[in-house]
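I have placed the structure first, in the form of C-alpha cells, so that the comments after it can refer back to it.
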Amino acid sequence: MMEQRSEPGQPAYQPPSAQLARQYLRERDDVAQRRAAHIDRRATARMLLLDGVVFALGTTVLLFLFPLSLSAAMPLMLTLLSWSVLAGSLRDRYGYLPRGREARVRTAVMLTLLVAVFGVIAAVLAGVEITAWVRVLPGAVGLILFTVLAVQEWRRDVPARKVTRQRAPFDRPTRVVTAAIGLAFGGSVVLVGAEWEALAYLVYAVVMCGFVIWSVKVMSGTAPAVGAAWGPRAWSLYTASAITLVVLMMLEYLGHPVGLVVRVVLGALVAVGFVLIALRGGGRD
C-alpha cells in the first residue's frame, strides 16, 4: 500500500472517513456514467469493423504486390495512412477513447497483426516460398480480431439510448485538406503502373511527407478534424477512390494494366470531385 505523507509545515495527513470514501466511490461511478452517456458505442463498433475490413483488404493486396511492384503498392500505403487519420478523427467525434483494458487489448491486436505482416514480408525478402493462403492469413486474422472487438464494443452499448454526432465545422483548413486529399488520390490513380517510375516515386515521396505532417498535426490537435467534418458525399467519394486504386493495382499485378488515358480520366474525376466538395463546403453534403 502506498504511504501517504504530508507536506512539510502542513498538518499530518488524515485518511478519509468511511462515509467520505463511499462518497468518492459514488462520484467515480457518476463520472463513469456521464462519460458513457457521451460515447456512441454502436458507432464505434461499426468503426472497429470497418478498421478490420480496411486492414484485411489493404494488407492482403499489399502482401500480394510486395515485392513485385513496390511503386504500385505506394498508393495503397497512402490510402491506409489517410484512413487511419480520417477514421481517428471520426472516432474522437463519437467520444471513443480507449483506456485501461480497451487500450491494452487494442494494442495487443495491432502488435499481433504487425508482427504477422512483417513476418510475411521478411520471409519474402529471405527468398522463402510463400503460398497465396499465407499472404491472405494476416488480413483474415485481422478481420476476425477486429470483429471480436466490434462485438464487444456493441454489447457495451446502453439500451434505448441514442447519441447524436455533431459534425465538425467545414471551415477553410478543412476545405484545403479535402482538396489536397483529392489531388493526392487523383494523382495516385494516374500513377498506378505509371510508365515514368522515377516520376511516380518522386510524387509519392512528396505526398507521403504531406500525409505524415498532416497526421502529426492531427495528433497534436493543430489540424482540422477532416473525417468528422465530412458528410456522406465526401465519404462516398473517398470510398470509391480507394476501391478504384485497389482495382487498378490488382489489374497491374495480374498483368492487365489499365491504359494511361483511362487512368488520367479516372484521376481527374477523383480530383475534381474532392475539389468541388471542398469549394461547396459541408452545408450541402
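The values are calculated or read from the model by the stated rules, or taken from the named source; none is laboratory data. Note that the coordinates shown come from a computational prediction; the quantities given were computed from them, not determined experimentally. As a convention, Cβ positions derive from the backbone with ideal geometry for all residues, glycine included, and neighbour counts pool all protein chains shown. The protein model used for the area step is the full one, side chains on, heavy atoms only, and it has no ligands, DNA or RNA in it. Shrake-Rupley method; radii C 1.70, N 1.55, O 1.52, S 1.80 Å.
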- Query: Only one of these conditions is not met by Leu248: (1) at pLDDT 90 or above; (2) crowded, with 18+ Cβ neighbours inside 10 Å. Which number is it?
  - Reply: (1)
- Select from region 206-238 the residues that are aliphatic (A, V, I, L, M) and not in a helix (DSSP H, G or I) and write down the one among them that is farthest from the chain's Cα centre (by Cα). Ala223
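Residue-wise test of (1) touching a helix residue (DSSP H, G or I) at 6+ places or on another chain (Cβ under 8 Å); (2) under 21 Å from Met250 (Cα atoms); (3) without any contact (Cβ under 8 Å) to a residue 40 or more places away in the chain.
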{"residue": "Arg175", "(1), (2), (3)": "yes, no, no"}
{"residue": "Leu183", "(1), (2), (3)": "yes, no, no"}
{"residue": "Gly187", "(1), (2), (3)": "yes, yes, no"}
{"residue": "Glu197", "(1), (2), (3)": "yes, yes, no"}
{"residue": "Ile213", "(1), (2), (3)": "no, no, yes"}
{"residue": "Val218", "(1), (2), (3)": "yes, no, no"}
{"residue": "Ala223", "(1), (2), (3)": "yes, no, no"}
{"residue": "Trp235", "(1), (2), (3)": "no, no, yes"}
- Among what's in region 88-114 and is closer than 25 Å to Cys209 by Cα and surrounded by fewer than 17 Cβ atoms within 10 Å (Cβ to Cβ), pick the residue that is modelled with the highest pLDDT. Leu111
- Residue satisfying all of: in region 276-285; open to solvent by 50 Å² or more (accessible area, probe 1.4 Å) and in a helix (DSSP H, G or I); nearest to Leu80 (Cα to Cα) among these: Leu276
- Query: Taking region 239-262 as the search range and keeping residues that are of a type in the set (A, V, I, L, M, F, W, C) and in a loop (DSSP other than H, G, I, E, B), which one is farthest from Val53 (Cα to Cα)?
  - Reply: Val258
- Report yes if some residue within region 139-147 is open to solvent by less than 60 Å² (accessible area, probe 1.4 Å), of a type in the set (Phe, Trp, Tyr) and more than 13 Å from Leu62 (Cα to Cα); otherwise report no. yes
